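To start, the structure itself, in structure tokens.
The values are calculated or read from the model by the stated rules, or taken from the named source; none is laboratory data. Remember, it's a predicted structure, so these values are computed and weren't measured experimentally. All Cβ positions, glycine included, derive from the backbone under ideal geometry; neighbour counts span all protein chains shown. Surface accessibility is based on the protein's heavy atoms, side chains included, excluding ligands, DNA and RNA. Shrake-Rupley method; radii C 1.70, N 1.55, O 1.52, S 1.80 Å.
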Amino acid sequence: MRLFPLLFLLFISTSIYAQPPGRMRGGGMEAANGRFYGRILDASTNKGVEAASVQLSQMRYDSVQKKQVSVSVAGQLTTNRGGFTLENVPARGKFLLEVTAIGYQPYQAEVSFMSNNGQPNFDKDLGNIKLELDVQQLGEVTVVASKPMIQMGVDRRIFNVDKNITTTGQTATEIMRNVPGINVDIDGNISLRNASPTIFVDGRPTTITIDQIPADAIESIEIITNPSAKFDASGGMAGILNIILKKNRKTGYNGNLRAGIDSRGRVNGGGDINIKQGKINFFASLNYNQRRSISNGYTYRENLYTDKLQNTILNQYSNSTNDGYFLFGRVGFDYFIDNRNSLTVSMSMPNGRFNSDQSDDIQVDTMSATIRSQHAERITTNSRKFRNFGPAIGYKYIFPQPGHEFTADVNYNRSSNSGGGLYTTKYFNQDGSLQGDPALQRLDGSGNNTFWTVQTDYVRPLRSGKLEAGLRSAIRDNKNITDNSFYDYGSGEYIVLPSVSANYKFNDQVHAAYTTYSNKIGESFSYQLGLRLESSRYMGTLLSTGETFSNTFPAELFPSVFVTKSFSPGNDLQFNYSRRINRPNFFQLIPFYDVSDVLNISVGNPNLRPEFTNSFEMNYSVPLGGGHSILTSVYYKHTNNLITRYQSLKENVPLPDGALDSAMVISYINANSSRSYGLELTSKNPLAKWVEITTNLNFYNARIDNSGLDAALGVNDRWAFFGKMNANFKLPANFSIQLSGDYQSRTLVPQGGGGGRRGMGGGGFMGGASGAAQGYINPNYGVDIAVRKEFFKDKRLAATLSVNDIFRTRLYSAHSENSFFIQDMWRRRDWQVFRLNLSYRFGKFDVSLFKRKNTRMGDGGGDDMMN
């Protein structure tokens with residue numbers, strides 16, 4: 001690719017421009033000023049010492065005092081890795097370097113720009129300076145800071161899970177329900193600003209679904225509403241939700257044990273441990289969760305025909321129960337080879353098994369001259385199991401210059417699925433008697449999915465600004481075998497129908513390169529410019545027919561711009577822009593009818609085109625005093641060729657019995673365009689020392705232009721409102737209460753999403769939409785509550801009692817229509833489930849942990865948005 005030699009030339013030019021400053025005199029170079037740089041390390045652990053004071057002074061003659069005095073030349077606090085850079089240091093003379101840090105013995109050394117060979121070096125690396133612990137001083141240190149619930153980074157918000165107690169013993173799905181700005185429906189479908197986001201785990205795509213990740217294994221959730229060029233351009237209108245799994249690097253050993261039970265008799269348990277000694281940091285976790293999910297619902301649909309006497313009305317009542325478990329294990333280690341090199345190896349191993357039962361009562365009325373009715377009952381039993389194997393290896397090299405680093409990592413993920421389903425449908429006469437033998441349909445399926453992600457990133461501080469660049473490839477192979485068979489009473493056997501069996505395989509590939517440049521203008525103005533080059537292709541085969549499908553999406557450029565004006569600490573104004581793409585995935589393109597559920601037949605559209613989104617956003621954060629603060633965001637997104645789900649009447653549809661007939665079919669189309677804009681407010685308000693409230697409000701307008709596609713659709717335009725509030729109460733005797741609630745007004749169905757099939761192989765990873773060209777979601781709201789009691793002086797033991805949807809109000813209700821149908825439906829799932837959980841912390845830490853009176857917030861990134 002042409003971009004790679006360009007990046008190489010860019011690196012070379014960077015090295016040239018990064019040479020030490022000087023001035024020409026005569027025929028040579030004489031430096032007016034120079035630079036010292038290096039790292040401050042803990043002598044016992046070889047880890048960087050953060051916030052150490054580095055001061056450089058020089059003896060100079062004072063004409064007033066008539067003697068030599070010490071004059072400060074430069075100074076700064078070290079970075080979180082212990083790095084420091086002292087710039088614009090006079091080139092002549094000797095200097096005294098002094099390093100101090102709470103919990104350490106002071107360090108002093110004489111330095112100059114003269115090398116051992118007698119030649120000057122005006123860009124001098126002082127190497128690694130090691131500090132010895134001051135044990136007497138450590139006895140007086142206290143830790144007074146902890147992570148807040150929400151932190152604000154440069155391009156993301158961070159939700160710290162350990163501050164949320166309502167989701168203890170549950171999954172990532174329930175955590176998302178508590179994250180400000182994120183909306184989760186009753187089936188676990190996630191939307192961010194009314195669009196379906198891309199899910200990452202530890203910064204990488206994954207085949208794991210969020211209901212397979214235990215809440216207790218998660219450290220934090222990063223919400224990236226407008227990703228820069230450093231991130232995948234795929235995803236269309238939505239942003240990125242990055243799930244950060246727990247991993248501790250504190251010296252010593254520490255861990256946690258957990259156990260719980262819910263009101264449906266299902267248990268959960270697990271634990272994690274971290275051991276760090278010398279150059280090795282070992283971490284492991286294991287979580288076991290049983291789940292019992294109960295839901296019910298109702299659907300009304302009227303199918304419209306040219307001849308109104310052919311119109312049919314369907315009434316369907318459904319009740320379902322889903323029972324099973326999942327096990328999530330993770331193990332790994334960090335190896336700090338030396339002060340510059342480190343290696344991380346990890347492995348995740350989720351697996352589980354679920355069985356479900358569903359009953360449907362179906363009434364179909366045909367509006368002929370005399371209304372004809374048909375009553376049916378369908379019983380469905382399904383079973384499925386899954387297994388995932390995900391090793392990863394990462395390497396990091398830290399150059400002597402602070403902030404100068406290179407990383408490379410390889411992630412491999414392999415998942416397999418198997419299972420089956422049995423559909424028994426009984427038809428009844430008008431008098432209630434059974435009409436013939438029941439129709440028996442069986443699905444037997446299996447699938448596997450492999451996903452490789454290879455990525456390198458390079459960061460280089462320049463004399464002015466910072467350069468970042470990287471390469472990334474993601475390759476996925478998917479295979480699905482689903483045999484659809486029907487029982488033949490004549491032969492007494494199930495007969496497989498190849499025409500309605502979903503057997504296929506496909507390969508997806510996305511290759512990308514990016515570069516960003518960031519800099520400051522003065523002390524308060526900063527900017528970042530980014531450019532990403534990304535191309536992709538897919539190849540698919542229908543195994544039953546040998547028919548192949550392929551498409552190559554040519555390389556496209558995706559720019560991003562971030563501009564920030566800082567007025568004071570915590571008071572920032574930021575503007576950003578990015579361009580993104582959403583490519584149709586294999587399932588949306590494949591022209592194969594999925595009739596595993598005759599009431600929801602679907603087919604792909606091979607004529608789909610990619611959608612492109614231009615996204616603009618402006619954020620303003622301001623502290624209001626007394627711990628109060630507010631973050632205001634204004635955003636606008638415009639998408640061309642929006643991929644959206646569309647239901648219509650089609651002829652010659654292959655039905656399960658092998659016949660061809662007309663039927664309502666779900667497919668995908670490109671709407672002309674869509675746009676959304678809105679105002680989002682996030683605030684934190686400590687009303688008293690014992691109560692704190694975090695509020696998120698999102699007022700937005702969503703518009704989809706379907707003109708020319710269907711006379712009944714036209715333009716779908718709607719204003720909507722979404723709100724979420726978390727209230728935390730600290731009570732006497734180590735009691736705490738957390739109350740969280742959310743409200744969604746009537747809105748368009750969230751745009752974007754997977755668009756996958758019901759096969760065993762999993763969905764496509766290249767994006768796609770579940771779309772909303774034809775209707776809206778009705779208002780819904782819900783409230784969750786949790787109470788925690790902590791025991792012992794150090795609060796090692798905690799008991800948490802929680803209940804979700806305490807008022808039984810979370811009801812998903814939607815309306816949709818076009819020229820071919822009118823449909824209203826509602827569903828309710830898992831209301832008023834009580835959970836009791838116990839957790840116990842243990843560990844022994846090295847004293848070097850407590851080397852500052854105010855500890856930092858950790859490695860989560862970003863600053864406390866409330867400071």
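Of note:
- A 1.4 Å probe run over segment 478-533, with the rest of the protein chains in place, finds 46 Å² accessible per residue.
- At a probe radius of 1.4 angstrom, the accessible area of segment 627-680 per residue rounds to 36 square angstrom.
- For the peptides 805-812, 779-786, 434-441, 225-232, residues were scored by their other Cβ atoms within 10 Å and the scores averaged per peptide; the highest-first order is 225-232, 779-786, 805-812, 434-441.
- Taking only protein heavy atoms and a 1.4 Å probe, the accessible area of segment 436-508 is 53% carbon and sulfur.
- Using a probe of 1.4 angstrom and keeping all protein chains present, the accessible surface of segment 187-315 works out to 36 square angstrom per residue.
- Signed unit charges on C-beta, dipole axis of segment 348-398, positive-most listed residue Tyr395, Gln363, Met349: Tyr395
- Here the accessible area of segment 323-423 is 58 percent carbon and sulfur, with a 1.4 angstrom probe and all protein chains present.
- A simple spin-label model places the labels of Ile393 and Gln119 3.9 nm from each other, with each point 7 Å out along Cα-to-Cβ.
- FRET efficiency for the Phe567 to Ile294 pair, using the beta carbon distance and R₀ = 51 Å, is estimated at 0.45.
- Toward the positive end of the charge dipole of segment 587-734, with +1 on the Cβ of Lys and Arg and -1 on the Cβ of Asp and Glu, the farthest Cα among Gly626, Asn696, Leu731 is that of Gly626.
- Model label sites at Ala109 and Tyr427, defined 7 Å from Cα along the beta-carbon direction, differ in position by 8.9 nm.
- Rounded percent of accessible protein surface that carbon and sulfur make up, segment 541-688, 1.4 Å probe: 56
- Highest-first packing order for the peptide set 513-526, 290-303 is 290-303, 513-526, based on the mean count of other beta carbon atoms within 10 Å.
- With each label modelled as a point 7 angstrom along the Cα→C-beta vector, the Asn778-Phe807 pair spans 1.7 nm.
- Charge tally in the Cβ shell below 13 Å around Tyr700, where Lys, Arg are +1 and Asp, Glu are -1, Tyr700 excluded: +3
- Viscosity 0.890 mPa s, 25 °C: Kirkwood-radius Stokes-Einstein D of segment 596-649 over Cα pairs, µm²/s: 155
- Qualifying lysines (Cα of each under 20 Å from Cα of Lys247; at least 8 residues distant if same chain): Lys47, Lys147, Lys163, Lys276, Lys279, Lys396, Lys844
- Segment 378-445 and segment 294-328: distance between their alpha carbon centers, rounded to Å: 22
- Nearby aspartates and glutamates by direct alpha-carbon distance to Lys94 (threshold 20 angstrom, same-chain neighbours under 8 apart not counted): Glu30, Asp62, Glu110, Asp123, Asp125
- Taking a ≥ b ≥ c as the square roots of the eigenvalues of the Cα gyration tensor, an a/c ratio of 1.5 or more together with a/b larger than b/c marks segment 576-693 as prolate.
- Pairwise centroid distance, computed over Cα atoms, of segment 565-600 with segment 153-232, Å: 15
- Rounded, prolate or oblate (a/c below 1.5 giving rounded, otherwise prolate when a/b exceeds b/c) for segment 185-288 by Cα gyration tensor: oblate
- Cα-centre dipole for segment 491-569 with unit charges at Cβ (Lys and Arg positive, Asp and Glu negative), debye to 20: 360
- Rounded to the nearest 20 debye, the dipole size of segment 247-336 about its Cα centre is 540 debye, using +1 on the Cβ of Lys and Arg and -1 on the Cβ of Asp and Glu.
- Taking 0.36 nm per residue of separation and subtracting the Cα-Cα distance, full extension of the segment from Thr321 to Ala688 would add 127.7 nm.
- Exceeding the 31 Å Cα-Cα cut-off - candidates Lys130/Lys789; Lys130/Lys689; Lys230/Lys520: Lys130/Lys789; Lys130/Lys689
- Overall form of segment 412-554 per C-alpha gyration tensor (a/c, 1.5; a/b vs b/c): prolate
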